[in-house]
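Everything on this sheet refers to the single structure shown next.
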């Protein structure tokens, strides 16, 4: 079976996903009976191109990596992205454009265009899912197509697959997690004695900071993820801008060092819980005692501690994830759709 993919966004995650497809081409064919062709790549910075026979991904990676247009890889696309998505011969649209915190955003238009035209959708973009989960899920069901989003919260760690597919019948009661790798790295460095500004520059040098640093430093990324978990897994209707939020911007290093000297760790903790029929969430800076399961999560690692009505506590942790892990989440969603598991 063949899948024709349109990549919308060709930034860091999109390129890593392309590398993964190149590396795994033979395995996909041999182990899964799956032929994958990327027939369109739509970008804001490197041009947009289509090729019905399949784009040469190695060439596209070389061009984009050099800051050049990818249009030598095929026929240039001049139509707006949503228009092209509607008429594209792709059967899977992978939406990987940057996060925006707003109900209206281009990524939502891309996903709606794909679903309405009968195409499967995979996204690692948190924005459309956190604001419009029910609408997009119902639209996918109406058109009998896939809508998957495993890479939106914990890179490659299975969160939605775990709760929606593996732990069937279990009800998520609450969660707390370290969900922003950049903030966790900065706090770990400050605990080791580095000043806040120095730790931030270290994160920037490692490529950890979002294009808009406020997403990490002011707590927006963690807040979006907390709302997304609450909305998808607990039936919430939360908007990030309405949720109590504490970022690490300007955090006093003396507080971090004093907590460490006392045996505690300063962490940014995202929480979700139920109040009657409603789901609630918050993101706060807390001093965790050494016995807390999240206390030892350092560096760029992340973790989610969940409480369900069947399993008292369940800890999912991923050590120092990177682009490959987020790309893997997209890859695993592609395999799920290929196997007929359309919506988690």
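In this structure, is residue 221 part of a loop (DSSP other than H, G, I, E, B) and surrounded by 15 or more Cβ atoms within 10 Å (Cβ to Cβ)? In short, no. For segment 55-66, a tally of residues being in a helix (DSSP H, G or I), surrounded by fewer than 16 Cβ atoms within 10 Å (Cβ to Cβ) and without any contact (Cβ under 8 Å) to a residue 40 or more places away in the chain returns 3. Determine which member of the set 90, 52 is crowded, with 21+ Cβ neighbours inside 10 Å and under 19 Å from residue 2 (Cβ atoms). Answer to the selection: 90. Count of segment 1-25 residues, restricted to those that are out of contact with any strand residue (DSSP E or B) (no Cβ under 8 Å at 6 or more places or on another chain), in a helix (DSSP H, G or I) and at pLDDT 95 or above, is 6. Filtering segment 26-52 to residues that are in a loop (DSSP other than H, G, I, E, B) and under 24 Å from residue 82 (Cβ atoms) leaves 43, 44, 45, 46, 47, 51, 52.
The values are calculated or read from the model by the stated rules, or taken from the named source; none is laboratory data. All figures in this text were calculated on a predicted structure; none of them were measured in a lab. Positions of Cβ are generated from backbone atoms using ideal geometry, with glycine treated the same way; all protein chains shown enter the neighbour counts.
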